[in-house]
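Let me begin by presenting the structure, written as structure tokens, before commenting on it.
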Amino acid sequence: MLRRRVPLFGIALLAGLAAFVLIGPLIWPVAPTQMDLLARNQGATWAHPLGTDQLGRDLMARLMVGGRVSLAVGLVAMLLAVSFGTAIGVAAGMSRRLDGPLMRLTDLFLALPLLPLLLIAAALFRAPLAVRFGPEAGLFALITIAIGGTAWMGTARILRGEVRALMQRDYIRAARTIGTRAPQMIWRHILPAIAAPLGVSAALGMASAILMESALSFLGFGFAPDMPSWGRLLYEGTPHLGAYPGRALWPGALITLAALGATSLGDALRDMADPRRA
Amino acid sequence: MRSHALRRLAMTIPTLLVISAIIFALLEFAPGDPMAQLPSTIPPDVRAEMRAALGLGQPAPVRYGMWLWQMVVVEPGIALGIVADGDTPRILSWQTRGPVMTLIAQRLPQTMIVVGSAYIIGVIAAIGLGILSARRQGSAIDRAGTGLAAMGYALPPFFTAAVLIYVFAIQLEWAPTIYDTTLHVTGWNSFAAQMRQMALPITVLSLQTTAQITRYMRAAMLDTLGQEYILAARAKGLRERTILMVHALRNSMIPVLPVIALGAPQIFAGAIITESIFGVNGVGQLLITSLSAGDLPVVQTVTVLIAVAIVLANLASDLALPWLDPRLRDA
């Protein structure tokens, strides 16, 4: 690469998508659940720019609402995964006693067949959680916790390496000599020093969380039809690919754009943190 | 080196035990009764007999032990012909009442043909593309390769599949939209039909593999080409081909090999998605249909077998690295 990449592209893409799902419904106030049986299976018209589905629901409005679900899952699952990963990585990097067991745990999680396990969890636990927390909140909690709880390993490994190297630095030794306590040490000296790899992990984690949720929904084990995510819309649209290609291609393109935005943000952050590699 | 290999080998069995226990516990703690959909007019004693017939009579630890015994001793024994079929209870599917291993054996060839060959094609393409783009850094092929690698991580297989089906199967009608698993290759015509129906699923899967591995291969190759021993080889007047394929390739493979080995079991994850799009009745589809039908023995066995594949791939890459990198042999 001749010039350094700036994270502008990724940020612009993610901001555009966020505006589409958050501000979009204000500009395009068609209810996503409103059925119009006289206008079923329509192509692009002025009333429905992206057409309608088999119940006459407006695809544009459904995409806006679906994106809220997809992006919210990506964000919350990423926050969970990064918090877990940071806690485990920093603990393993700082304490020699915890290092062995925590890294053993990380290796164990890395060996789990994740997609099958997430499918099992989503299939078997959906009904009881829906009873306890209501159908929407229960499903959202189940999917974000399942995805976030199985996506922290990469972050933990990278941060452990960073923290181990950091512990040898003179300023950390000096801080320890004057008796800085562990919480303050982490907050004041360690977290700021590992902010760059943390940011990279967060951006890449968001991309993989969005893709994982889409995969679950696409296989029919994710969100329900009344609360469609982009993956669910793609799942509903795929059988009609011959007659109404837009119904599958639009949500698919939006998932890809969201993942692309997050990965290129992550890549650009990495290049900024380590200019030698760019 | 030997002690390192032995230590990794010794870790394998406990890891597999813990993973299989986690999978069993997940299925066990899941609420929902396999008998819940049966009519309530069935008398309690008949119901109890039916539960016993499904193998649900015993407490959970006994059932886990039983399943483990069947998985480790009975099934390999039957496969090798040591244990006679019919003497000992096998792992039975709740749906078909037949042995789970028979179901898997029926499905595995389709998965291996489509998903396995896609992985091999993807890896070879990635190594080639990595070498080419590192050789001519900044050239058109390098830019294409890096572009593909950047897209590949973000392109989900279900979207590439939808686009490819729309363009090549629906608009151009070059390939069928659905994989016909009843097709038997008997002559040139059926061979051509088989190739046509394999083309799209293999493209979808190998595109993803290529994109993910090219990135590592290019970086490793660039790193190696900057080393001094390559400069020495150039100064000796070796041919460029020899430098690239003999001197640089082997060293560049060191960081890439673990990526390839660890990606191999992920083909089963890819299989789940790709098989459900194209209707290939392989192992991935078996998992999805069994999960929808609540056929837990099949789900449990397939998931554990995927975990075994992941752990073995890890082990294989650990054992193969010292062979590739002599510096690791003394460590």
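Dipole of chain B computed with +1 at Lys/Arg Cβ and -1 at Asp/Glu Cβ about the Cα centre; of B:ALA232, B:ILE121, B:VAL246, farthest Cα towards the positive end is B:ALA232.
Shape summary: region B:116-234 maps onto an equivalent ellipsoid whose semi-axes, from the alpha-carbon gyration tensor, are 35, 16, 11 Å in decreasing order. Determine, at each q value in 0.07, 0.09, 0.11 (inverse angstroms), the log₁₀ of I(q)/I(0) that the Debye formula gives when each Cα of chain A is one equal point scatterer. With one equal scatterer per Cα and no solvent, log10 I(q)/I(0) is -0.32, -0.51, -0.72.
Compute the acute angle (0 to 90°) between the alpha-carbon long axis of helix B:188-225 and the principal axis of greatest extent of the alpha-carbon atoms of chain B; round to the nearest 10°. It works out to around 60 degrees. Normalised by 2.2 N^0.38 Å, where N counts its residues, the alpha-carbon radius of gyration of region B:170-303 equals 1.52.
Positive-end ranking of B:ALA60, B:PHE158, A:GLY246 along the dipole of the protein assembly as shown, with charges on Cβ about the Cα centre, is headed by B:PHE158. Computed from the C-beta positions of B:GLN194 and B:ARG97 and an R0 of 35 Å, the FRET efficiency is 0.60 to the nearest 0.05. Ellipticity at 222 nm from helices only: DSSP H runs of n ≥ 4 in the protein assembly as shown, each -39500 (n - 2.57), divided by the residue count, give -22000 deg cm²/dmol.
With a cut-off of 12 Å between beta carbons, the residues surrounding B:ALA134 carry a summed charge of +2, where Lys and Arg count +1 and Asp and Glu -1.
Take each residue of peptide B:161-169, count the partner chain Cβ atoms within 10 Å of its Cβ, and average: the result is 4.
Counting only protein heavy atoms and using a 1.4 Å probe, the accessible area of B:GLU228 comes to about 150 Å².
Beyond 23 Å, the tail of the calculated P(r) for region A:103-244 holds 52 percent of the Cα pairs.
Once you have the alpha carbon radius of gyration of the protein assembly as shown, what is it after dividing by 2.2 N^0.38 Å, with N set to its residue count?
1.04
Taking the Cα centre of the protein assembly as shown as origin, work out the dipole magnitude from +1 charges on Lys and Arg Cβ and -1 charges on Asp and Glu Cβ, in debye rounded to 20.
2300
Angle of helix A:8-22 to the longest C-alpha principal axis of chain A, folded into 0 to 90 degrees and rounded to 10: 50°. Other residues lying with their Cβ under 15 Å from the Cβ of A:ASP107 contribute a combined charge of +3, Lys and Arg counting +1, Asp and Glu -1. Rolling a 1.4 Å probe across all protein chains gives A:ARG270 an accessible area of roughly 70 Å². Chain A packed on chain B takes about 3400 Å² of accessible surface away from a 1.4 Å probe, both sides summed.
Note on B:LEU80: accessible area approximately 130 square angstrom, rounded to 10, probe 1.4 Å, nucleic acids and ligands left out.
Taking N as the residue count of chain B, its C-alpha radius of gyration divided by 2.2 N^0.38 Å amounts to 1.22.
How much FRET efficiency would the formula 1/(1 + (r/R0)^6) give for A:ASP107 and B:THR41, where r is the Cβ-Cβ distance and R0 is 51 Å, rounded to 0.05? Once rounded, the FRET efficiency stands at 0.50. Heavy-atom accessible area with a 1.4 Å probe sorts A:THR256, B:THR242, A:THR33, largest first, into A:THR33, B:THR242, A:THR256. Rounded to the nearest 10 degrees, the angle from helix B:44-53 to the longest Cα principal axis of chain B is 30 degrees.
A cut-off of 5 Å between modelled amide H atoms, ignoring neighbours fewer than 5 places along the same chain, links B:LEU92 with B:VAL100.
Counting only protein heavy atoms and using a 1.4 Å probe, what share of the accessible area of chain B belongs to carbon plus sulfur, as a whole percent?
66
Computed from the C-beta positions of A:ALA273 and B:ASP325, the FRET efficiency with R₀ = 45 Å rounds to 0.95. Region A:187-265 gives an Rg/Rh value of 1.19, both radii derived from C-alpha positions and Rh following Kirkwood. Region A:142-174 and region A:87-138 have Cα centres separated by 15 Å. Taking all protein chains into account, the per residue accessible area for region A:174-225 stands at 42 Å² (1.4 Å probe). Counting charges near B:ALA169 (Lys, Arg +1; Asp, Glu -1) among other residues having Cβ under 15 Å from its Cβ returns a value of -1. With the convex hull drawn over the C-alpha atoms of region B:232-331, the volume per residue is 119 Å³.
The values are calculated or read from the model by the stated rules, or taken from the named source; none is laboratory data. Note that this is a predicted model, so its numbers are computed, not measured. Neighbour counts are summed over all protein chains in view; Cβ atoms, including those assigned to glycine, are modelled from backbone coordinates with ideal geometry. Just so you know, the surface numbers come from the protein's heavy atoms only, side chains and all, with ligands and any DNA or RNA stripped out. Shrake-Rupley method; radii C 1.70, N 1.55, O 1.52, S 1.80 Å.
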